[in-house]
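Below is one structure, written out as structure tokens; comments come after it.
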Amino acid sequence: MSENYQQTGAQLDEDLAALTERVESTETAIAELGTTVEEIANREGAGSTPALEDELAEIRQSRQELQLVSSPAHTRTLASGSHDDEAFHTTRDGNGIGAWGIVVTAEADAHWRGADVHAREAGSMLLEVFAMDYEASETYDVGSRIATREITLEEGRQTIYPDVTVHEGQQYFITRDTANPTGDDVVALKRGRQIADWNAINDPEVPLTAECSWQLGRAGPGSQAFADYQDAGWDAILHHWTNIDLGFDDLVED
């Protein structure tokens with residue numbers, strides 16, 4: 001047996017063990033939260049108070065989120081297929097470019113389980129999720145950063161696991177490496193789609209709508225810079241991700 005084969009097998013064993021441990025830990029946490037809800041609800045003489053109801057609501061929400069992560073009722077893959085750009089997204093000097101991403105609207109809670117990216121070289125990236133106030137051609141206001149994930153990248157195409165939950169009725173801007181978008185350590189990635197058909201990407205039953213592409217810091221609607229941005233078709237480029245794997249509990253009804 002070759003050394004490379006042995007190392008690959010050992011790594012797979014480690015990954016499987018880590019995944020098994022996480023699943024078992026999550027299932028234990030879900031069961032413990034369920035028991036806690038029952039104990040609080042049946043607490044002798046507790047009665048119903050605003051504080052108790054708030055406590056129960058918070059625990060139930062935590063339990064629901066854990067179930068969404070570990071065992072969602074439904075899964076779907078959006079933007080299926082390979083990256084269709086032969087080149088990597090770089091500056092003229094060859095550095096990678098950060099701060100680009102997609103605007104999404106969540107019709108119900110959903111968990112971003114995985115996606116494929118294609119990296120020029122090994123390194124890392126900081127995936128970032130911002131609150132977003134979006135209305136097509138009217139408002140592109142990026143709010144506070146609400147989640148980050150440091151993701152290790154290998155050279156070539158690979159699957160990453162963002163492990164990010166988005167919540168019903170909220171809008172988000174999902175991007176990466178915004179602190180220094182063209183720094184020497186920004187790894188170049190291939191674009192997912194040069195011209196994205198958002199209607200084809202968005203499954204009507206999935207409670208998450210990918211609205212458009214955007215870049216942090218760009219001028220908003222009403223400016224010449226925004227008009228130039230749309231005229232260039234940059235809002236139609238799907239950056240970074242393909243095979244976006246989502247888990248969710250509620251299908252969108254007609």
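The values are calculated or read from the model by the stated rules, or taken from the named source; none is laboratory data. Since we're looking at a predicted model, the values are computed, not measured. So basically every Cβ, Gly included, is an ideal-geometry build from the backbone, and we count neighbours across all protein chains shown. Accessible surface is based on the protein model in full, side chains and every heavy atom, while ligands, DNA and RNA are left aside. Shrake-Rupley method; radii C 1.70, N 1.55, O 1.52, S 1.80 Å.
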Going through the stretch 94-145 in order, the residues found to be within 13 Å of VAL164 (Cβ to Cβ) and acidic (Asp, Glu) are ASP109, GLU128
Checking LEU189, LEU238 in turn, the sole residue that is closer than 23 Å to ILE146 by Cα and either modelled with pLDDT of 95 or more or touching a Lys or Arg at 6+ places or on another chain (Cβ under 8 Å) (or both) turns out to be LEU238
Among the residues of the stretch 130-138, is any open to solvent by 30 Å² or more (accessible area, probe 1.4 Å), closer than 16 Å to GLN215 by Cβ, among the polar types (S, T, N, Q) and not assigned by the TED database to the domain that holds LEU216? no
Here the residues within the stretch 210-220 that are open to solvent by 40 Å² or more (accessible area, probe 1.4 Å) and touching a residue at least 24 places away in the same chain (Cβ under 8 Å) are GLU211, LEU216, GLY217, ARG218
Every listed condition ((1) open to solvent by less than 10 Å² (accessible area, probe 1.4 Å); (2) free of Cβ contacts under 8 Å to residues at least 24 places away in the same chain) holds for PHE173 save (2)
Given the conditions (1) open to solvent by less than 40 Å² (accessible area, probe 1.4 Å); (2) not in a loop (DSSP other than H, G, I, E, B), every one holds for ARG145 apart from (1)
Check: Quick one: would you say ILE244 is outside any loop (DSSP other than H, G, I, E, B) and surrounded by 20 or more Cβ atoms within 10 Å (Cβ to Cβ)?
Finding: yes
Being surrounded by fewer than 15 Cβ atoms within 10 Å (Cβ to Cβ), out of contact with any Cys (no Cβ under 6 Å at 6 or more places or on another chain) and of a type outside the set (Lys, Arg) narrows ASN180, ASN202 down to just ASN180
When the stretch 85-99 is checked residue by residue, the ones that are of a type in the set (A, V, I, L, M), open to solvent by 20 Å² or more (accessible area, probe 1.4 Å) and within 22 Å of the chain's Cα centre (by Cα) are ILE97
Of those in the stretch 77-97 that are in contact with a Leu (Cβ under 8 Å, 6 or more places away or on another chain) and of a type outside the set (Ser, Thr, Tyr), the residue nearest to VAL252 (Cα to Cα) is LEU78
If you go through ASP163, ASP184, ASP250, the only one that is more than 14 Å from the chain's Cα centre (by Cα) and over 18 Å from THR90 (Cβ atoms) is ASP250
